[in-house]
Amino acid sequence: MSDPDAQTRESEGVGSGTPRPRSLIVGCGYVGESIARRLLASGHQVFGLRRSEPKSLQVGLPYTPLQANLTEPGSLETLAALDAPFDCVVLCASASGGDAEAYRQVYFEGTGHLLARLRGQPPGAFVYTGSTSVYSQAGGSWVDELSPTEPESESGVWLLRAEQRILDAHRKWGLAARILRVAGIYGPGRGSLLRRVLSGQAHLEGSGNRWTNRIHREDLADAVVAVLQRGRSGEIYNVADQEPATQRCVLEWLSERTGMPLQEGTKESPMAGRRRRGGSNKRVRTDKVRRETGWSPTRPSFREGYLEELEHIRVEGSTGSTGGWIPPFSQGGS
Ligand SMILES: NC(=O)c1ccc[n+]([C@@H]2O[C@H](COP(=O)([O-])OP(=O)(O)OC[C@H]3O[C@@H](n4cnc5c(N)ncnc54)[C@H](OP(=O)(O)O)[C@@H]3O)[C@@H](O)[C@H]2O)c1
């Protein structure tokens, strides 16, 4: 029979001779928690930093919670107590849909404060989950990591300046930084588009021919781990699924699958949509991350991802959150 104390000591890296790798996830929210699960499963000791009081968080988290506010450098002192450098640091805090000032504070100032804290003890690898919104191409063209970045929205400007801060740290003091430019994230419990469809509120914007790009949360978490392990420092990688799709293509498919109506024309003016997204209409290439790290999304297009989400909803039953939608697969018995 195995000795349970020995097992515990081994899982904590005590007495095994090889300490466990240590990882820090800064902004351990929707995406961060998925990354934490993967790192924990591969043997890392994982710390997850958020603004929330650890006591307010659910039990059974895949990380040790740390509380700090990136915008208040003094509160990052909490990291000093952890002593040795981290093997991996992932920066995936978000401004949670705030205004341009929130973007400035979290992405630009917050990144600066974190880098100042890490400079004394640089991690083995650092990944930042930025956004494809730094590309403002508006004509449906393909973009790769060498395409011009001239964000039209103020929030896009702060995202770009955060990237530049990180790349500066790579050049000036050797931070092993990799930048991800991430497309729109969807997945369990997240997806305003699916919610609008299920509640009968989905409208095409104008002709619906604007190109959109997305990535499922679980595929993004796999990409982050792949880039931590096999990405090159100082490099930028786009992360999206393999099939950019027009808004019409996605909405028509969802409408057909769910039996919910899709309304032609536009509810909001195309100009309002342009202002919010900085007017972007582009197709994101991801060849570089796939070629260099071997990563590829398990859900190569929105179809696999949304089928999975619809199946979750079917299994969990039709709740208020589906806006009264009754899954067609469950109607009328078998
Ligand atoms: N959503 C998208 O479609 C999209 C697209 C491209 C890129 N991204 C990027 O992907 C990353 C992950 O996004 P997500 O959806 O996982 O975000 P999320 O669920 O909103 O989680 C963000 C986390 O950051 C923490 N946080 C926010 N401000 C902080 C601060 N000042 N100090 C310390 N922690 C702070 C939050 O803490 P609390 O939980 O305690 O509030 C939360 O845990 C972000 O970098 C985001 O910009 C998102």
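The values are calculated or read from the model by the stated rules, or taken from the named source; none is laboratory data. Remember, it's a predicted structure, so these values are computed and weren't measured experimentally. Note that we place each Cβ from the backbone using ideal geometry, even for glycine, and neighbour counts take in every protein chain shown. Ligands, DNA and RNA are stripped out before the accessible areas are found, and what is left, the full protein with its side chains, is counted by its heavy atoms. Shrake-Rupley method; radii C 1.70, N 1.55, O 1.52, S 1.80 Å.
Once the chain from LYS55 to GLU150 is taken as fully extended at 0.36 nm per residue, the excess over their C-alpha distance is 30.0 nm. Per residue, the chain exposes 47 Å² of solvent-accessible protein surface, assessed with a 1.4 angstrom probe and all protein chains in place.
Under a 5 Å amide H cut-off, with hydrogens placed 1.01 Å from N, VAL239 pairs with ARG181, VAL182, ALA183 among residues at least 5 apart or on other chains.
Near PHE47, the amide H atoms lying under 5 Å from its own belong to SER23, LEU24, ILE25, THR64; only residues 5 or more places off or on other chains count, and H is placed 1.01 Å from N.
The ellipsoid equivalent to the alpha-carbon distribution of region 15-117 has semi-axes of 24, 16, 12 angstrom, derived from the gyration tensor eigenvalues as √(5λ) and listed largest first.
Panel values: the chain, Kirkwood radius from alpha carbon pairs, Stokes-Einstein at 20 °C and 1.002 mPa s, translational diffusion coefficient 100 µm²/s. Note on ARG230/ASP287: beta-carbon distance plugged into 1/(1 + (r/R0)^6) with R0 of 22 Å gives a FRET efficiency of 0.90. Given their separation in residues at 0.36 nm each and the Cα-Cα distance between them, LEU82 and GLN263 gain 59.8 nm when the chain is fully extended.
Between GLU101 and ALA41, the FRET efficiency estimated from the beta carbon spacing at R0 = 56 angstrom works out to 0.90.
Taking amide H as placed 1.01 Å from N in the peptide plane, ARG283 has its amide H under 5 Å from the amide H of SER141, TRP142, VAL143, each at least 5 places away in sequence or on another chain.
The relative contact order of the chain, computed from alpha carbon pairs under 8 Å that lie at least 6 residues apart in sequence, is 17 percent. Residues of region 126-145 with amide nitrogen under 15 Å from the 7 Å Cα-to-Cβ point of ASP168? What the label zone holds, given the 15 Å backbone N cut-off, is no residue at all.
Each residue of region 160-174 was assigned a 3J(HN,Hα) from its phi angle through the Karplus expression (A = 6.51, B = -1.76, C = 1.60, θ = phi - 60°), giving 5, 5, 5, 4, 5, 4, 5, 5, 4, 5, 4, 5, 7, 10, x Hz with x at Gly and Pro. Peptides 35-41, 296-302 ranked from most to least packed by the mean count of surrounding Cβ atoms within 10 Å: 35-41, 296-302.
Expressed as a whole percentage, what fraction of the accessible surface of the chain belongs to carbon and sulfur atoms when a 1.4 Å probe is rolled over the protein heavy atoms? Heavy-atom surface of the chain belonging to carbon and sulfur, 1.4 Å probe: 48 percent. Stokes-Einstein diffusion for region 99-200, with the hydrodynamic radius set to the Kirkwood value over Cα pairs and evaluated at 25 °C in a medium of 0.890 mPa s, equals 160 µm²/s. When a/c is below 1.5 the answer is rounded, else prolate if a/b is larger than b/c, else oblate, so apply that to region 113-162 with a ≥ b ≥ c taken from the square roots of the Cα gyration tensor eigenvalues. Here region 113-162 falls in the prolate category. Among THR18, THR129, THR212, the residue with the largest mean-square fluctuation in a Gaussian network model of the chain, with springs joining Cα atoms closer than 10 Å, is THR18.
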